[in-house]
Every structure is written in structure tokens, then in C-alpha cells.
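Asker: Below are the C-alpha cells for one structure; questions will follow.
The values are calculated or read from the model by the stated rules, or taken from the named source; none is laboratory data. Computed from a predicted model, the values in this text were never measured in an experiment. Cβ placement follows ideal geometry from the backbone for every residue including glycine, while neighbour counts extend to all protein chains displayed. We work out accessible area using only protein heavy atoms, side chains counted, and drop any ligands, DNA or RNA first. Shrake-Rupley method; radii C 1.70, N 1.55, O 1.52, S 1.80 Å.
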Amino acid sequence: GALPTDTFFDKAVEIDPNDALAYFNRASVNRDAKRLPEALADLSRAIEIDPKHAMAFYNRGQVEEKLGDRGKAIADYRRALTLDPAYPEPAEALKHLDRAAAPPPAPAGAGSPPAGKPHSPSRARRRS
């Protein structure tokens, strides 16, 4: 019968330890199975073999982001965009990280007087 996906890509890496695509695919299986350190190692190996593999940089950025390493994730997303400027996912990931790092917007009404209070002394009615 067919080999389980994990075993298939393990075998592919064993047969050709210089096959970047085999490492990339095994990393995807590891990432989906929440084996993030293994996915990170496989993506790093794929990049070592093929340093122009934009998808490997993007996917490694995703894993680094999940592991809490925002700085490395940003660097990998930028590298993916440098290698393939038409690749939309790294650009979206960078926008997401920029939004996450931005200070939260001021609450509605911040800086304005409390409700029911006049906005300026000239608008206040004077009783005679």
C-alpha cells in the first residue's frame, strides 16, 4: 500500500538528502502536525539547498511567527518578497505583523469632554 505522508517524505529525504522540495514538503507535514521545531529545521535545510526558494522563506517565517520569533519571521517574509515580488502571502503577513505591532487606536471619544458637557466655554449657555 501507499506509505503514510510522514514516512513518504522521510524516505524522499533519505534517498536524496539534497532535494530541497522533499525537505519543503516534509516541513509542511510537520507544520500541519504542530511539530514546529522539525518544520523549522526542514525549511532551513530546504533554504540551505535552494537559497532562492521563496515559498520556503515564507513558510519558515510562518513557523517562526508561531514560535514567537517575530524578528526572524519578518526577515524571512521580506526575503521571500525580494525573491518573488509578485508573491502576495509574504506581503500580507508583513501587513499583519505591522498591524499587530502598532499601538491600539485611542478609544472613541478620547480627548473629548464627557458626554453632556459643553465642548467650549463659548457654547455654554448662561442663565440670567
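Asker: Between residue 21 and residue 78, what FRET efficiency comes out of the Förster formula 1/(1 + (r/R0)^6) with R0 = 22 Å and r the beta carbon distance, rounded to 0.05? If you can, show how the numbers build up before the last one.
Answerer: On the way: r = 23 Å, r/R0 = 1.04.
The formula returns an efficiency of 0.45 here.
Asker: Compare the peptides 47-59, 11-23 by average per-residue count of other Cβ atoms within 10 angstrom and give them in order, highest first.
Answerer: Working: 47-59: 19.4, 11-23: 15.6.
With the highest mean Cβ count within 10 Å placed first, the list reads 47-59, 11-23.
Asker: Within straight cross-link reach of residue 11, meaning Cα distance under 23 Å, which lysines are found once same-chain residues fewer than 8 apart are removed?
Answerer: 34
Asker: Something else: Excluding residues on the same chain fewer than 8 positions from residue 52, give the lysines whose Cα lies under 21 Å from its Cα.
Answerer: 72
Asker: How large is log10 I(q)/I(0) at q = 0.17, 0.22, 0.28 Å⁻¹ when the Debye formula is applied to the Cα atoms of segment 43-97, each weighted equally and without solvent?
Answerer: -0.42, -0.70, -1.08
Asker: If you build the Cα gyration tensor of segment 1-98 and take the root of 5 times each eigenvalue, what three semi-axes come out, in whole angstrom, biggest first?
Answerer: Calculated on Cα positions only, the semi-axes equal 24, 14, 10 Å.
Asker: What do you reckon, how do 70, 78 stack up by accessible area (1.4 Å probe), largest on top? Could the numbers behind the result be given before it?
Answerer: Values: 70 95, 78 145 Å².
Solvent-accessible surface, decreasing: 78, 70.
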